[in-house]
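Remarks on the structure that follows.
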Ligand SMILES: Cc1cc2nc3c(=O)[nH]c(=O)nc-3n(C[C@H](O)[C@H](O)[C@H](O)COP(=O)(O)O)c2cc1C
């Protein structure tokens, strides 16, 4: 990922925290055309709980995150709807290379820690979906997160990847590891990788 370090000149304020420019990692731009037809992806969407050791490459990770809650229009709106367009859903990428926050507006990752915070180390990546408890209704936050993991699940189906949404995980350990402010809560996780052939 080092080669993708972005030279953002200003310190950027995000999610009530301040991240230094050196923590930003630009993601590859994504191909928004083609792919598996939607009806086929819906037919193939399913939970797969066993993962091969195959890593997820950066271009695929970029597409996973963009599908989850990426910016899909010039007016800064997302691939998922959010109540009052609050966009108060945060996707953290937990991997053996550290843990990162997805910044949809800059299509970048922000490195939070070198720690591997995956609750289960079977899949190469676990996404941790979080919301701001102080912004909007908690039910709405859960809906936003559900939209995001469904988008990722459909993307996974379209690429013949494996994924499982997991509501059972050690929330405290992820929240502590990510040094989340008290208002940000991890609602659910989704492990993603490739199936065992
Ligand atoms: C909100 C939510 C929480 C879930 N939590 C877990 C979990 O903790 N562990 C697990 O193995 N699967 C979990 N699942 C996956 C479900 O067990 C799975 O979606 C269900 O069995 C239906 O299978 P399918 O996704 O293949 O249609 C969860 C799914 C959802 C939507």
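The values are calculated or read from the model by the stated rules, or taken from the named source; none is laboratory data. Note that the structure is a prediction, hence the values are computed from the model and not measured. A quick note on method: Cβ atoms are made from the backbone with ideal geometry, for glycine too, and the neighbour counts reach across all protein chains shown.
Quick look at the values:
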{"item": "Filtered residues of the stretch 147-181 (kept if touching a helix residue (DSSP H, G or I) at 6+ places or on another chain (Cβ under 9 Å) and over 14 Å from residue 125 (Cα atoms))", "result": "147, 148, 151, 154, 155, 157, 158, 159, 160, 180"}
{"item": "Of all residues in the stretch 47-75 being touching a strand residue (DSSP E or B) at 6+ places or on another chain (Cβ under 8 Å) and assigned to a helix (DSSP H, G or I), the one that is farthest from the ligand (Cβ to nearest atom)", "result": "61"}
{"item": "Subset of the stretch 155-174 [within 20 Å of residue 111 (Cα to Cα) and free of Cβ contacts under 8 Å to residues at least 12 places away in the same chain]", "result": "172"}
{"item": "Looking only at the stretch 164-186, and only at residues there that are in a strand (DSSP E or B) and more than 9 Å from the ligand (Cβ to nearest atom), the one that is surrounded by the fewest Cβ atoms within 10 Å (Cβ to Cβ)", "result": "185"}
{"item": "Every residue from the stretch 143-156 that is under 15 Å from residue 63 (Cβ atoms) and more than 10 Å from the ligand (Cβ to nearest atom)", "result": "148, 151, 152, 154, 155, 156"}
{"item": "Conditions (1) surrounded by 22 or more Cβ atoms within 10 Å (Cβ to Cβ); (2) away from the ligand (no atom under 16 Å from the Cβ); (3) assigned to a helix (DSSP H, G or I): number failed by residue 84", "result": "(1)"}
{"item": "Odd one out for residue 102, checked against (1) free of Cβ contacts under 8 Å to residues at least 12 places away in the same chain; (2) surrounded by 15 or more Cβ atoms within 10 Å (Cβ to Cβ)", "result": "(1)"}
{"item": "Residue match in the stretch 26-46 (condition: closer than 30 Å to residue 139 by Cα, at pLDDT below 95 and out of contact with any strand residue (DSSP E or B) (no Cβ under 8 Å at 6 or more places or on another chain))", "result": "no"}
{"item": "Filter result (buried (at least 22 other Cβ atoms within 10 Å of the Cβ) and farther than 14 Å from residue 30 by Cα) within the stretch 49-79", "result": "51, 78"}
{"item": "Filtered residue count, the stretch 187-197, keeping only those that are away from the ligand (no atom under 13 Å from the Cβ), surrounded by fewer than 20 Cβ atoms within 10 Å (Cβ to Cβ) and modelled with pLDDT of 95 or more", "result": "1"}
